Amino acid sequence: MEVKIVENIKEVKCDALIINKFEGKDTSNDLVNKFAPDSFTGKEGQIFVIHTQGQYPAEQIVAIGLGEENKVDNNIIRTNVAKAVKKCADLKLKIVAIDFDTNYNYGAPAVLGAEIANYHFDKYKNKKDNRISELYLSNVDENLVNKAVVIADSMKLTRNLANEPAAFATPTKLSEVAQNIDGIETTIYNQASIEEFGMGAYLAVAKGSAEPPKFIHMKYVPQNPKKRIAIIGKGLCFDSGGLDIKPANSMLTMKDDMSGAACVLGVMKAVAKLKPAVEVHALIAACENMPSGSSYKPGDIVTAMNGKTIEVDNTDAEGRLTLADALCYACKLGVDEVIDIATLTGACMVALGTAASGIMGNNEDFIKEIINTGKNVGEKYWQLPMWQEYRDNMDSDVADMKNTGTRYGGASAAGMFLKEFVTDDVKWAHLDVAGTAFIDKPIKEFCKGATGIGVRTLIKYITK
Ligand code: BES
Ligand code: MN
Ligand code: ZN
């Protein structure tokens with residue numbers, strides 16, 4: 001979708017002009033005022049379409065309710081523009097313009113809503129879904145709109161990668177995508193280097209697969225950075241469960257187990273373009289978790305990069321093993337802050353559903369800042385506890401810890417496990433996006449499949 005800012009939006013020849021209606025206030029559009037039924041009050045989410053019969057350059061008017069004018073915010077703009085754009089796409093329209101009658105600075109959230117709604121993963125379909133091809137705007141902040149276009153583009157990359165089958169989005173493929181992002185310095189470490197680093201936990205997971213592991217380190221270094229951040233994405237290109245194999249139903253969507261990795265790749269693409277005054281490292285310990293004669297086994301004892309030993313209780317708790325080594329590596333970089341994003345536990349999905357991601361960490365202010373950043377961009381995070389009880393369940397008789405505790409409180413247990421690999425001198429936050437990264441039915445502006453969760457929060461956090 002091409003985004004164009006013009007002087008006079010009312011003169012744009014387009015298939016549809018999207019206008020707004022606030023509750024308790026007339027629109028500035030005569031046709032809507034004349035023909036809309038009384039039931040079209042401007043309540044949030046209402047939509048009314050009218051053909052202009054040649055009276056306007058726009059062929060149709062799509063009016064959307066935005067609720068009360070004084071309550072409007074980015075989330076309302078984004079979700080309702082998305083709804084209107086979906087309507088236009090259903091009507092097989094191509095060229096759309098937006099003309100909102102408000103003082104609210106709606107350009108950026110409107111672009112995001114339109115782009116998110118306009119996304120479909122139809123690469124493998126012979127019959128493509130209809131998409132809006134052009135979006136016209138007027139009276140909007142050009143800088144903010146341009147930034148929104150960059151963010152939307154990153155979300156597309158992230159969603160595409162997570163939607164791709166595992167046969168396509170292999171560790172090697174991820175490493176190639178990383179290397180092809182301009183303006184970022186990327187190093188790919190193969191098996192031999194990963195062994196040299198002493199990443200025994202990550203290597204154990206990777207062992208059972210025919211696809212070679214790739215440890216991806218992307219680096220963006222501006223002059224005089226105000227701080228240094230590492231972002232880590234869980235990069236399980238497929239999670240079969242390993243020898244503790246998953247039942248068919250649970251395995252079905254496990255191509256999405258690299259959503260965290262896809263997120264940090266999207267974020268780095270934006271970082272390269274937005275050039276924040278922050279040093280950013282992106283790390284992905286990419287591999288597959290597969291059952292085979294060379295798989296790691298329940299009962300194995302593996303040693304992570306920081307020397308801690310782990311008894312493998314369940315080969316399906318593999319993400320935390322790969323993240324353990326990535327966290328050790330991140331802490332050694334001497335960064336101030338580390339954020340990991342991972343489709344880590346079914347337990348988090350059970351606890352929070354698709355409405356929010358779990359967040360944990362070692363610094364309350366840091367966690368709060370990320371939660372607030374998320375609120376601002378429409379991504380919800382809910383803090384889960386990090387109590388010693390969860391760690392006690394992971395005591396092992398033969399190693400420093402096991403990789404699982406009990407079935408209950410699984411998201412917090414995973415958080416406590418990860419904490420063992422973070423040094424106290426860095427601020428660390430862990431985002432569990434198991435429930436939010438991939439959805440099995442359309443929700444608000446999102447279609448089924450990958451949502452690109454985390455991209456907006458991390459870009460906003462890094463560039464603010
Ligand atoms: N990738 C899964 C978690 C997951 C589940 C993500 C559902 C998205 C949707 C993870 O590797 C896993 O298998 N976790 C296990 C851990 C258990 C064995 C302690 C789980 O949550 O069941
Ligand atoms: Mn697993
Ligand atoms: Zn997994």
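The values are calculated or read from the model by the stated rules, or taken from the named source; none is laboratory data. This is a predicted model, so every value here is computed, not measured. With ideal geometry, Cβ positions are generated from the backbone for all residues, glycine too; neighbour counts draw on all protein chains shown. Ligands, DNA and RNA are excluded from the accessible area calculation, which covers all protein heavy atoms including side chains. Shrake-Rupley method; radii C 1.70, N 1.55, O 1.52, S 1.80 Å.
Details
- Looking across region 33-71 at every residue that is touching a Ser or Thr at 6+ places or on another chain (Cβ under 7 Å) and in a loop (DSSP other than H, G, I, E, B), the one that is nearest to residue 100 (Cα to Cα) is identified as 58.
- Scanning region 215-236 for residues that are part of a strand (DSSP E or B) and of a type in the set (Lys, Arg), we see that the one that is nearest to ligand 2 (Cβ to nearest atom) is 219.
- Residue in region 356-365 that is of a type in the set (Asp, Glu) and closer than 16 Å to residue 437 by Cβ present: no
- Positions within region 240-250 being open to solvent by 10 Å² or more (accessible area, probe 1.4 Å), near ligand 1 (Cβ under 10 Å from one of its atoms) and either within 20 Å of residue 323 (Cα to Cα) or touching a strand residue (DSSP E or B) at 6+ places or on another chain (Cβ under 8 Å) (or both), in sequence order: 244, 246
- Among the residues of region 384-421, the ones that are open to solvent by 20 Å² or more (accessible area, probe 1.4 Å), among the aliphatic types (A, V, I, L, M) and in contact with a helix residue (DSSP H, G or I) (Cβ under 9 Å, 6 or more places away or on another chain) come to 2 in all.
- In region 307-344, the qualifying residues are those that are charged (D, E, K, R) and within 28 Å of residue 369 (Cβ to Cβ), and the one that is nearest to ligand 2 (Cβ to nearest atom) is 320.
- Only listed residue being of a type in the set (Gly, Ala, Ser), assigned to a helix (DSSP H, G or I) and within 16 Å of ligand 3 (Cβ to nearest atom), chosen from 317, 347: 347
- In region 14-32, residue most open to solvent (accessible area, probe 1.4 Å) [restricted to those that are out of contact with any helix residue (DSSP H, G or I) (no Cβ under 6 Å at 6 or more places or on another chain) and farther than 22 Å from residue 71 by Cα]: 30
- All told, residue 46 falls short of being of a type in the set (S, T, N, Q), open to solvent by 30 Å² or more (accessible area, probe 1.4 Å) and on the phi > 0 side of the Ramachandran plot.
- Taken over region 431-452, the criterion of being more than 22 Å from residue 131 (Cα to Cα) and more than 16 Å from ligand 2 (Cβ to nearest atom) is satisfied by 431, 436.
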